[in-house]
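Here's the structure we're looking at; comments come further down.
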Amino acid sequence: MSELTLTIIKLGFLAVLWLFVLSTVSVIRSDLFGSRVTPPARGERRPKPAKPTRPPRRRKGEPSAAVVVQGASAGLQVPLGDTPLAIGRGSECELHIDDEYVSTRHAVLRPQGGTWYVEDLGSTNGTFVGESRIHGPTAVGSGIPVRVGKTIIELYK
Amino acid sequence: MSEAQPNPAVQVRKRRGAELVLIVVALAVAVGAYAIVGITVTGKLSQQVLSYGAGLAILVGIAHVIVRIMTPYADPLLLPCVVFLNGLGLALIHRLDLTKIENARANGESLPRADAPLQLTWTAVGVAAFILVLLVIRDHRRLQRATYTALFAGVGLLLLPLVPGLGVRFQGAQIWIRFAGLSFQPGEIAKVCLIVFFAGYLVVKKDALALAGRRFIGIDLPRGRDLGPILSAWLISLAILVFQRDLGTALLFFGAFVVLLYVSTERPGWLFVGGGLFAGGAWFAYIAATSLHIPQFSHIANRINAWLHPFDPQYREGAYQIIQSLYGFAYGGLLGRGLGEGHPNLVPLAKSDFIIAAIGEELGLTGLMAILVLYGIIVERGLRTALVCRDHFGKLLATGVAAVFAIQVFVVVGGVTKLIPLTGLTTPFLSYGGSSLVANWALVALMLRISDQARRPATLPAAPTEDALTQVVVRR
């Protein structure tokens, strides 16, 4: 077999080797950037809490995030937009808390006129703002502890 | 916040089609390599190409179908990468077989046994183990119950080669058992058991181990009383080193434990403690061997001397493998000699420990980098699985599997390229060796199982606490 053929085989094999590597990398790439959510078509979403790309614009002084400061899910942080946020143990809750003293749908945080209100959803153990148990929509300023089960949530600016 | 709610319009892409395409490419590369080495070494297309290709394709096809049925959401890249490495390894072993047979024929000796068919058989066993793991372990969280069973199984398997009459010493290391004419390395299966144990143990103990102790140059060191587990892991690794003379396995277990300790506690202090213990152990072993002349440690001194002074005539004998492998890499250069055009058979143990040297010589730096990138992808997919996974045990298990692959590749490639002292470990999926192949296929199956659960849409499996009744707070 001629030298030329051997060289072609050699280089061709290396090229195919890298072709494989690059095609695996392209699958990873589509994994990262391929969330095409065109209405009827298929898109891709990883089953982890999706991060909203940009929180909606808000006025100065309003809380920007709800943070779990104490409890099993401490450190969990959910940005506040302009839609209500459910707090609970169920996976469909935006603030999904892994605490067995929290009800599946425990409470809801909703914005109104620049202020956030927390409302209990008939939970087993109740919701506390500061030290007192709430019985209706209660305004929550940033830094005021909201206690559900054994978990404490605060709104941060 | 509507994004957090399951959106029926958005479907999770399973990417099984992409997996199939990649598997086909991987098979084509493997069969192509097999054909090329036949042509270049013997001058004609070997007639086994068809049977080899068909055998590999059937095995991989079955594995792919099982993945489609059992773990439809699993990571699409792991299986193709593994098939690629395994297939290329088979082709390289076949290539070394051919040279050995040619040489024997030229010298008029009796023809030696070919190793590639045996390796193909082991691949079949490995795929069977892969399928078995996928079929039996429907939920990786079940494994957490077997934490201590896994510990005893792992330690028992590690000790097996020391049983008189069963264990076999080869190349100084006592890590093989011979049973019914087959030799087996139980340490490879112990690897799987011990990762399960590490993950299960650390899930329970991580909170206690995460408590910070003294602060030292900006690093929170763990408390002294929490050092028990890491010290026992260290002592067991040292015992493996002394009694089985197996540096690689000792390093692998200790490294995997330290990585998991770090990941579960999020305390970098453990890395320093682990690194310090490792450095202390290595230094002690070296001193024990060179100054005190304790025979248990002589092999370590040999390895370290061969690493530091490979061309020193005094250590020439011990460094022979490394020298040959370095010459191989140099001869290969950037683009390699081409498959079947080099002389990788001049490196001792080219089929097992030094298969990386054979790749470096015949495929060059370009080919070697491709292989290393593939290992990197396997590890990355493992860590990605750990990130996405919803339960702590699964996270640690996936991290453990990824860490084992990473450490193993680093130790082997580092040893062969003289970055670190040479230790006897197999290159995952590439090297000749049945036990390692079977154990690694099982590990990949475990990883696919975890990633299937991690990538499944969130609404399907409810987290275990969600369905339970809410506990009532008792006020006193």
Checklist entry - When you scan the stretch B:283-334, how many residues do you find that are surrounded by 13 or more Cβ atoms within 10 Å (Cβ to Cβ) and in a loop (DSSP other than H, G, I, E, B)? => result 7
Item to check | Residue in the stretch B:376-420 that is farthest from the chain's Cα centre (by Cα), counting only those that are of a type in the set (Lys, Arg) and closer than 22 Å to A:His96 by Cα | outcome: B:Arg390
Next on the checklist: Cβ contacts < 9 Å: first residue at the interface with another protein chain (Cβ under 8 Å from one of its Cβ atoms) and over 11 Å from A:Gly122 (Cβ atoms), restricted to the stretch A:92-107; second residue of a type in the set (Asp, Glu) and crowded, with 21+ Cβ neighbours inside 10 Å, any location; separation 6+ or different chain. Result?
Outcome noted: none
Item to check | Subset of the stretch B:343-361 (residues that are of a type in the set (A, V, I, L, M, F, W, C), away from chain A (no Cβ under 11 Å) and not in a loop (DSSP other than H, G, I, E, B)) | outcome: B:Leu346, B:Ile355, B:Ile356, B:Ala357, B:Ala358
Checklist entry - If you check B:Ala406 against the conditions, is it surrounded by 23 or more Cβ atoms within 10 Å (Cβ to Cβ) and part of a helix (DSSP H, G or I)? => result no
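Let's see how each residue does on (1) closer than 30 Å to B:Leu387 by Cα; (2) without any contact (Cβ under 8 Å) to a residue 60 or more places away in the chain; (3) more than 14 Å from chain A (Cβ to nearest Cβ):
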{"residue": "B:Gly274", "(1), (2), (3)": "yes, yes, yes"}
{"residue": "B:Phe278", "(1), (2), (3)": "yes, yes, yes"}
{"residue": "B:His293", "(1), (2), (3)": "no, yes, yes"}
{"residue": "B:Asn302", "(1), (2), (3)": "no, yes, yes"}
{"residue": "B:Tyr315", "(1), (2), (3)": "no, yes, yes"}
{"residue": "B:Ala330", "(1), (2), (3)": "no, yes, yes"}
{"residue": "B:Glu341", "(1), (2), (3)": "no, no, no"}
Item to check | Enumeration of residues in the stretch B:412-426 that are closer than 23 Å to B:Gly382 by Cα and at pLDDT below 90 | outcome: B:Leu425, B:Thr426
Checklist entry - Taking the stretch B:20-59 on its own, how many of its residues are assigned to a helix (DSSP H, G or I), away from chain A (no Cβ under 14 Å) and either of a type in the set (Gly, Ala, Ser) or within 23 Å of the chain's Cα centre (by Cα) (or both)? => result 7
Next on the checklist: Tell me yes or no: at least one residue of the stretch B:116-124 is touching a His at 6+ places or on another chain (Cβ under 7 Å), on the phi < 0 side of the Ramachandran plot and either modelled with pLDDT under 90 or surrounded by 13 or more Cβ atoms within 10 Å (Cβ to Cβ) (or both).
Outcome noted: yes
Checklist outcome for this item: Of those in the stretch A:64-97 that are buried (at least 17 other Cβ atoms within 10 Å of the Cβ) and charged (D, E, K, R), the residue farthest from A:Phe128 (Cα to Cα) is A:Glu94
Checklist entry - Taking the stretch B:36-68, which residues are of a type outside the set (Val, Ile, Thr) and under 14 Å from B:Asp97 (Cα atoms)? => result B:Gly38, B:Ser46, B:Gln48
Checklist entry - Is it the case that B:Ile189 is under 19 Å from B:Ile407 (Cβ atoms), crowded, with 16+ Cβ neighbours inside 10 Å and modelled with pLDDT under 70? => result no
Item to check | Tally of residues being within 9 Å of B:His94 (Cβ to Cβ) and outside any helix (DSSP H, G or I) across the stretch B:111-130 | outcome: 2
Checklist entry - Pick from A:Ala15, A:Ala65, A:Ala72: which is more than 7 Å from chain B (Cβ to nearest Cβ), modelled with pLDDT of 70 or more and closer than 30 Å to B:Leu22 by Cβ? => result A:Ala15
Checklist outcome for this item: Selection from the stretch A:130-157 of residues assigned to a loop (DSSP other than H, G, I, E, B), within 15 Å of A:Ala66 (Cα to Cα) and not hydrophobic (A, V, I, L, M, F, W, C) yields A:Gly141, A:Ser142, A:Gly143, A:Pro145, A:Lys157
Item to check | Test: residue in the stretch B:66-88 that is free of Cβ contacts under 8 Å to residues at least 60 places away in the same chain and either crowded, with 18+ Cβ neighbours inside 10 Å or within 11 Å of chain A (Cβ to nearest Cβ) (or both) | outcome: no
Next on the checklist: Which of the numbered conditions does B:Gly364 fail, given that it passes all the others? Conditions: (1) in a loop (DSSP other than H, G, I, E, B); (2) under 16 Å from B:Val37 (Cβ atoms); (3) at the interface with another protein chain (Cβ under 9 Å from one of its Cβ atoms).
Outcome noted: (1)
Next on the checklist: If I ask for residues that are surrounded by fewer than 19 Cβ atoms within 10 Å (Cβ to Cβ) and at pLDDT 80 or above, which ones from the stretch B:1-19 would you list?
Outcome noted: B:Arg16, B:Gly17
Checklist entry - Would you say A:Ala86 is assigned to a strand (DSSP E or B), without any contact (Cβ under 8 Å) to a residue 40 or more places away in the chain and either closer than 28 Å to B:Glu266 by Cα or under 21 Å from the mean Cα position of the chain (by Cα) (or both)? => result yes
Item to check | The listed residue being in a loop (DSSP other than H, G, I, E, B) and closer than 17 Å to A:Ile152 by Cα, out of A:Glu92, A:Glu100, A:Glu119 | outcome: A:Glu100
Checklist entry - Restricting attention to the stretch B:97-110, which residues are at negative phi and not in a helix (DSSP H, G or I)? => result B:Asn107, B:Glu109, B:Ser110
Item to check | Residue that is surrounded by fewer than 22 Cβ atoms within 10 Å (Cβ to Cβ) and not small (Gly, Ala, Ser), where the choices are B:Leu387, B:Leu363, B:Leu374, B:Leu397 | outcome: B:Leu387
Item to check | Meets criteria (surrounded by fewer than 18 Cβ atoms within 10 Å (Cβ to Cβ) and not hydrophobic (A, V, I, L, M, F, W, C)) for B:Ser237 | outcome: no
Checklist entry - What are the residues in the stretch B:355-381 that are out of contact with any Cys (no Cβ under 8 Å at 6 or more places or on another chain) and of a type in the set (Val, Ile, Thr), if any? => result B:Ile355, B:Ile356, B:Ile359, B:Thr366, B:Ile371, B:Val373, B:Val379
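The values are calculated or read from the model by the stated rules, or taken from the named source; none is laboratory data. This one's a predicted model, so the numbers in the text were calculated from it and none came from an experiment. Don't worry about glycine lacking a Cβ; one is built from the backbone with ideal geometry, like all the others, and counts go over all protein chains shown.
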